[in-house]
Each structure stands twice: as structure tokens, then as C-alpha cells.
Amino acid sequence: MTRLAALASLTIGVPLGLHAQGVMIAPHQVFMDHRTRSTSMTLYNPNSTPAEITITTFFGYPGTDSTGEFELRTPESRDSTQPSAAEWIEAFPRRLTLYPQEKQIIRLLARPPAGLADGEYWSRIAVSAKGGAVAVAGIDTTKINVGLNLEVRTILPLQYRKGRLQTGVTLSDISAKTIGDSLEVRGKFVRQGSAAFLGTVRGTLVNDAGQIVARFSNPIAVYLDIAPRFRCGIAGLPPGRYVLHVEVTSDREDLPAESVLPIKPVRDSIAVVLPSER
Amino acid sequence: MRIVPAVSAVMALGLSLGASTASAQTNTANITARAVVQAPINVTANQNLDFGNVFPGVNATIAATAAAAGSFSITGQASAPAKMTFTLPPTLASGVNTLTIGTWTGYWNTINSQVGGTAFIPSAAVTPGTFSATGNMFTFVGATVTPPSNQPAGTYTGSVTLTVTY
Amino acid sequence: MPRRLLLLTMLSLGLAGTLTAQVTLVGKRDLDFGTVMQGVATAVAPTDPVRSGWFEGVGILTKKIRLTFTLPTRLNGPAGATMPITFRTTDGVAQDGVSGSPQLIFNPNVTTTFVLNTNAKYWIFLGGQVNPSPVQTIGSYTATVILTVVVF
């Protein structure tokens, strides 16, 4: 490259080399109880550069769109019928710098309004992490350099519980259709009781001989009602008639047992025909 | 916490009475070592979007499937859904000068590979993703910069934000 | 203690005069790693004022004490799950039972001997490290740490 060309070139990217940026957050689902009105989260920076952290809360809960994909619903206008805890949950500290290999406990404190009715109240916790500003010292000023700061935001659910709560779920309208090497399974899940249902959906595909030939397992959260879709791999399965069994249970490997509200398993089944041409 | 004196204070005194004071006395106590394991979520920006040298008047594109693509890794609960949204800069700035960046491309996968995954267009709209059976998800982003022929020299900066909703 | 035994003991003490001293050992604080994340090793320093394990003993001034830890290699968790725990060569700290007195670092994995030169009361602090795997079963894990002290 000639000197002139070098002068004219634009260097887009990271002039000083990049380091991974982000933080680990645990737990990934936060539970608070009205008796203690406090809990904590742990942040850990596993990377080699400091991370600037900001923590905020807002109201939201998961739903599904028309295609069955999960979406976060964040109503712009809220009324008192919506169980929001976002306004009275505070994080301490809300801003901090987390140095490499450093841990920080974030205290979450609740100041619920007086006379709060028994029930479950929801919030979302947003944890933003970005690396420090890209240093520009030492950069060749005869070139044009670009440093992109990367920022990651993680949005986690928080559930505040008051009183004795119970949950449940109904399952209906199960359907299945083949899409390539997958069986797309959909169903309607409606929450029962006074708290969101957190559990696991398992599906098993059984052939005429009674053998399980395919299965899927997905964690699920039913705050109100949802109609999600799940994928079950069916590559290599011969065409023909099968039975799809769907089971919803309250077991969750990723959540502490004491935080999971138990239900009796809910089950349903449908007949499925796998076509020869997929 | 539980105290387990193998020889209680009184017994020790009693023993010492019947023996030389030089005899050894043994005490035992215990404590508990405890820990609570929690499942974390980890969203990490691994590699910036690196265009290398770009010439004025010549558009430069880094595909989301290119080695130089920006990359993020996300770890969480196996098979759980996670939503991705992006906040993307329309321009990069160097003082008062700007450099247009756009035509963003994205690619996500359950393994750290830019093959065999799903292409998408990064935006503020939700991109659905799903963690692998081992709780991994990887996202790659690319873009195009369009420097005009009179693009001034300078250090251009901007921010790309990936939001993961769990 | 039955009243008769107590009386006998008091008599014994009276007869023995000051020939013997009370030798005690108490577990004062658990070794608490708190919340740890799957896949992230977490250490507690023996000097951590909140999380380190802490024993308090009373020996005999000018006499030697021999410390032997019985250390777990794993913590026990839900449904039979276990999690490795290790103790580094600097995870033991011995100190006179007075705040601010000098600290002596030792290896808790081997038997160690000290002389109680300035104070009959002593403190033993213990640190350690847990190593949860990336797929470690979530929940509470515990194990017992035993300290045996022989006073010569």
C-alpha cells in the first residue's frame, strides 16, 4: 500500500484489539417474598476488562405472538389491575464498575404500597454492561480509525409474592405440523390460580409399536395465557401414524425447588400423521 | 454450627487431675462449609465488527457469516427461549464527522459456528432464539459502511447493543 | 450435669488448685461461600471477615497446640449431587485471640503445630475454594469441616 493510499484508508473496527465484554448474572429468575422484602443477585465479570453496569426495572411479562414465538409484553399504559412491582423494587447499587474476575452482590429491596393485596407481582430487571471507553492514545492519526463499543443488556424476570399462592395451567388446542425435519407443536396454555406458572413442557412421539421415537423438553412460563410453539426433531422417522403425548409439569432444573409452585401434571395427546414427503 | 468437644472442659480438668499436667488434651470442633449454586445467564460480546482498512468512496461489507463479523455468546437454561433485540447506530461519529453504517445482517446458532444456523436482520424488532440442549446460543452481526470519497480522517466510534430477554 | 457430679467436680477443682486450665475449642462461624454460579470457581480467603470459617480455642499459655483439619473434598447437594471443594496451602490462618494481633498463614491440609506464646486464647480461620461445574445441580451444598486440636 502506498503512503498516499495508507493515508486515505479508513480503518473500521477495533484499533487496539477487543476483549470480551459482559457479565454473568445469577439467578436468572429472581423471587422475592413479602415477608423479607429483599433478595440479592450476583454479578460476576469473567472477562479481562472492566464492565460498567447499570441496573433498572420495568414492568413486563412474557406472551406469545401469532406465530407462537415468545415475546415480552410491556404495556405502555398500565392500570391498577396489572400486577406490576417495577415501581417499588429498587436495586442497590444501580450503577457500578465491575473489574475483571470481580463479583458484586446486588441487593434488591421492595417498598410495596401499604395494603398490598395477596398475590404475585411482576417486574423485569435490566442489567446493562458495557466495556470502558476505547482508548485512542497511540493511534496513528494519519489514518481513520473506528472503535465500536459493544454493550449487552440482559433482561430477567422478577416475581414478588405475597401470601399463600397457587398456580396451575390448562392445556388445549394441541396441534402439530411437519416443517422439514421437525414437528412443530403448538398448544394453548392458560394460567390458573394466583401466580404465574413456571414449569416444563415435554412431548413424546410414539409409534404404532408403542415406542418413543422422538421427544422434546422446554421450560415454560405462563403468566397469563400463551400459545407457544415447540420443535421436535423427526429426521429419519418413516411416514405413518403416531401419537404425540404432551405433558406439563412444575419441575424446573434451573430454579430452586422452594420457589416453584407445584401442580399436578397436565397431559394431553393427539394423533399425528407424518407424510412421506417432508 | 455445632460444637463437638471430644473432651469437654470439665472432663479435661478431670483427666488432668489424675495425670501429669504435661499430658496432651484433645479438643474437636466442627463448622459447616456451605454454598448455594445458582444457574447464571451470561451475555458476552466476544468480537467487534472489524472492517480492517476501508477506502474512501468504496463501500465495505462484513457479512454476519464472515470471520470478521461481530460476535456475541449467550449461555443460559437449556432449551429455553430467549429474545434478541439490537440497538444499532445509523452512523459512526468522529467529532462532527460521521460515517454511515447500515445494511445490518445477523446470524444465530446454538453452536459457535456461522454455518447451520439461522439468518436474520438485526433490529429493534425481536429476533427469537432458543438455547441449545447445553444452554448455548451464539449471535453474529455484520454491516456495511459507506464512506464517501471525501470522508475525513479521524477516529469513528459507535455502539452496538444486544439486548437478551430471558 | 447431675448435682452430685457437679459437686464432685467442684471438689476436684478445689483440690487440684491451679494445676490445670480449661481447654476448649468452639466452631464460631461457618465457611460460607454464599451464592456461587455454575461453572465459576469461587474462593473465600481465610482473612474474609464474614465468610471464612472461624474456630476459637483456649489452650495453655506457653504450651504447644497441634492442629489437624479433617477437610471435605466435596460438598453434598440435592439428590446426591456433589461439588468439589479444595483448600490451598495458604487457606489457614492462626492468630492470638485478640483483634489486630499478627496472623500466621499455614496449610490446613497438613498437621501444624503452634506455641501459644502470648495468649492462651487463639483463633483459627479457614478459607477454601469450591469448583462448581457448568452443569452443577442448583441448590444448597454443605459438608462438615472438623478441627482437632491437641494441647501439649
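Could you work out the local net charge near C:N76, counting Lys and Arg as +1, Asp and Glu as -1, over the other residues with Cβ closer than 15 Å to its Cβ?
Computed value for this residue: +1.
Using Stokes-Einstein with the Kirkwood hydrodynamic radius over Cα pairs, what translational diffusion coefficient do you get for the protein assembly as shown at 20 °C and a viscosity of 1.002 mPa s, in µm²/s rounded to a whole number?
Translational diffusion coefficient: 76 µm²/s.
Cross-link candidates for C:K28: which lysines have Cα within less than 23 Å, leaving aside residues fewer than 8 places away along the same chain?
Counting by Cα, and skipping residues close in sequence, C:K28 has these lysines nearby: C:K63, C:K64, C:K121.
Given the C-alpha centroids of region A:214-278 and region C:71-118, what is the distance between them in whole angstrom?
49 Å
For region C:33-57 and region B:150-166, compute the distance between their C-alpha centroids and round to whole Å.
41 Å
Between beta-carbons, use under 14 Å as the cut-off and find the net charge around B:T44, counting Lys and Arg +1, Asp and Glu -1.
Computed value for this residue: +1.
If you split all Cα-Cα distances of region A:167-274 into 10 Å bins from zero, what percentages do you get per bin, shortest first?
Computed distribution, short to long bins: 15, 46, 27, 11, 1.
Per-residue mean of other chain beta-carbon atoms within 10 angstrom of the beta-carbon, peptide A:23-32?
So the per-residue partner count for this stretch is 6.
Relative to the Cα centre, what is the charge dipole magnitude of region C:21-151, using +1 at the beta carbon of each Lys and Arg, -1 at the beta carbon of each Asp and Glu, and rounding to the nearest 20 debye?
It comes to approximately 260 debye.
For region A:154-239, state which trypsin sites (Lys or Arg not before Pro) are in a DSSP loop and have at most 13 other beta carbons lying within 10 Å of their beta carbon.
Those that pass, being in a loop and sparsely packed, are A:R164.
At 7 Å along Cα-to-Cβ for each site, give me the label-to-label distance between B:F55 and B:N97 in nm.
Output for this residue pair reads 1.8 nm.
State the antiparallel share, in %, of DSSP beta bridges confined to the protein assembly as shown, rounding to the nearest 5.
In the protein assembly as shown, DSSP labels about 90 percent of beta bridges as antiparallel.
What does the charge count near C:Q95 come to, summing +1 for each Lys or Arg and -1 for each Asp or Glu among other residues with Cβ under 11 Å from its Cβ?
-1
For A:R73 and C:T142, FRET efficiency with R0 = 35 Å and r from the beta-carbon atoms, rounded to 0.05?
That gives a FRET efficiency of 0.30.
From Cα pairs below 8 angstrom and at least 6 apart in sequence, can you work out the relative contact order of region C:21-151, rounded to a whole percent?
37 percent
So what's the projected area for region A:38-88, the Cα convex hull averaged over all directions, in nm²?
Computing the convex hull of the Cα atoms and averaging its projections yields 6.4 nm².
Taking 2.2 N^0.38 Å as the expected size of a compact globular protein, what ratio does the Cα radius of gyration of chain B give against it, to two decimals?
1.97
Which FRET efficiency, nearest 0.05, do A:Q166 and A:T36 yield, Cβ-Cβ r, R0 30 Å?
Numbers: r = 20 Å, r/R0 = 0.68.
After rounding to 0.05, the efficiency reads 0.90.
Only Cα pairs within less than 10 Å get springs; with that Gaussian network setup on chain C, which residue of C:P78, C:P46, C:P108 has the largest fluctuation?
C:P78
When the distances between all Cα atoms of chain C are binned every 5 Å from zero, what whole-number percent does each bin get?
Reading the bins upward from 0: 2, 8, 17, 18, 14, 12, 9, 8, 6, 3, 2, 1, 0.
Here, each number is a calculation from the coordinates, and none is a lab measurement. Nothing here was measured: the structure is a model prediction, and the numbers come from that model. Neighbour counts are summed over all protein chains in view; Cβ atoms, including those assigned to glycine, are modelled from backbone coordinates with ideal geometry.
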